[in-house]
1. Just one of PHE122, PHE150, PHE161 is in contact (Cβ under 8 Å) with a residue 60 or more places away in the chain and either among the polar types (S, T, N, Q) or under 24 Å from CYS243 (Cβ atoms) (or both); which is it?
2. State the number of residues belonging to the range 23-60 that are surrounded by fewer than 16 Cβ atoms within 10 Å (Cβ to Cβ), aromatic (Phe, Trp, Tyr) and within 16 Å of ILE83 (Cα to Cα).
3. Which pairs turn up if I take residues in the range 40-63 that are over 19 Å from VAL244 (Cα atoms) and among the basic types (Lys, Arg) and look for partners that are at pLDDT 90 or above and outside any helix (DSSP H, G or I) with beta carbon separation below 8 Å, at least 6 apart in sequence or on another chain?
4. Quickly run through the range 280-301 and pick out the residues that are crowded, with 17+ Cβ neighbours inside 10 Å and under 11 Å from PHE253 (Cα atoms).
5. When only residues in the range 167-201 that are of a type in the set (Val, Ile, Thr) and under 27 Å from SER91 (Cβ atoms) count, which is farthest from the chain's Cα centre (by Cα)?
6. Please list, ordered by first then second residue, the pairs with beta carbon atoms under 9 Å, 6 or more apart or interchain, first in the range 206-226 and touching a residue at least 12 places away in the same chain (Cβ under 8 Å), second crowded, with 18+ Cβ neighbours inside 10 Å and not in a helix (DSSP H, G or I).
7. For a quick check of your reading: which helices (runs of 4 or more DSSP H) sit entirely within the range 130-171 and have at least 2 residues that are touching a Ser or Thr at 6+ places or on another chain (Cβ under 8 Å)?
8. Could we say that VAL70 is in a helix (DSSP H, G or I), hydrophobic (A, V, I, L, M, F, W, C), under 23 Å from TYR180 (Cβ atoms) and modelled with pLDDT of 95 or more here?
Amino acid sequence: MSAVNDTKFNSAVFLLTGISGQEDVHLWISIPFSLMYIISIVGNSVILFIIKTDASLHEPMYIFLSMLAVTDLGLSIATMPTILGIYLFNSREISLNACFAQLFFIHFLAKIESSVLVLMAFDRFVAICNPLRYASILTLPRIVKMGLGFVVRGVAVALPFPFLLKRLRYCRANVLSHSYCLHQEVMKAACSDISVNTIYGLSMAIFTVGLDSLLIFLSYVMILKTVLSITSHTECFRALNTCVAHLCAVLLFFIPDIGLAVIHRFGNSSSHSLKILLGYVYLLVPPLINPIVYSVKSKHLRARIIRVFVK
């Protein structure tokens with residue numbers, strides 16, 4: 001029986017899915033997806049180049065922004081082969097090991113992005129609520145330690161996913177709803193008991209997304225409390241304006257993430273289209289929009305970018 005199970009495991013593949021019912025126009029659909037990837041990669045690469053080469057941008061806020069850009073680049077690269085493979089070449093098959101590797105990187109990078117958004121919220125909190133101690137609190141060694149700590153947390157959370165899935169048997173039609181692999185999607189394709197996977201996935205979602213969103217919420221409660229105590233409306237608006245880009249990044253990431261988690265656990269067949277839409281928004285829109293929003297809202301970054309392209 002063990003040999004039979006091993007054979008089934010080694011020969012099994014997953015079938016990824018594009019937009020159902022639109023197979024005839026997949027080539028046309030690939031055009032906006034390709035443009036999104038090009039803009040994401042170029043936009044985040046430009047931000048990294050500008051921050052690295054301009055010494056005046058070597059400040060905590062821009063260091064955190066460079067971390068976000070690296071994470072967004074990683075998410076784009078992790079999802080690009082399977083999504084474009086489906087729409088350009090109708091290549092739906094993915095081996096179990098390749099699927100497990102992809103879902104590890106997607107979950108790992110998603111946890112890192114969540115962590116970076118927490119650090120950016122902390123940066124805004126210190127800058128607005130305690131500006132005199134900003135430089136002494138957010139020192140480079142402390143930033144490095146916080147970044148490494150969150151990387152370790154991301155690896156510790158995401159690494160068990162492939163091993164928990166690898167112990168399961170897959171003996172049914174392994175058709176996935178998305179164009180890439182996610183833990184909560186793959187585990188439902190197994191014909192073994194997935195109780196451990198479900199408990200671990202839910203626990204880690206609460207520990208990461210739940211905790212991070214709570215910390216960001218508390219940061220903004222303190223920021224609002226400080227800002228509303230400012231008598232000058234101009235200064236109040238100026239302080240809040242520095243948070244707009246970060247709030248956009250938070251909403252773009254956490255709303256689809258939480259919505260996708262809820263649909264995967266409690267959704268039915270009628271929510272299939274919404275699940276597909278949220279899946280694309282969750283992984284494709286933040287890497288696309290984040291560099292645009294930060295380039296528009298950050299006067300110093302925008303000036304450096306314009307100067308580079310004018311030259």
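The values are calculated or read from the model by the stated rules, or taken from the named source; none is laboratory data. Only a predicted model underlies this, so the values are computations on that prediction, with no experimental measurement involved. Cβ coordinates were reconstructed from backbone atoms using ideal geometry, including for glycine residues, and neighbour counts include every protein chain displayed.
1. PHE122
2. 1
3. Partner pairs satisfying both residue conditions: none exist.
4. Within the range 280-301, VAL281, TYR282, LEU283, LEU284, PRO286, PRO287, ILE289, ASN290 meet the criteria.
5. Pass one, the range 167-201, residues of a type in the set (Val, Ile, Thr): 175, 186, 194, 196, 198-199.
Narrowing further to those that are under 27 Å from SER91 (Cβ atoms): 175, 186.
Values: VAL175: 24, VAL186: 19 Å.
Once the filter is applied, the top-ranked residue is VAL175.
6. Listed by first residue and then by second, the contacts come to TYR220/CYS243; ILE223/CYS243.
7. Working: elements: 134-137, 140-158, 160-166.
In the range 130-171, 140-158 are the helices (runs of 4 or more DSSP H) which contain 2 or more residues that are touching a Ser or Thr at 6+ places or on another chain (Cβ under 8 Å).
8. Here the answer is yes, as VAL70 does meet what is asked.
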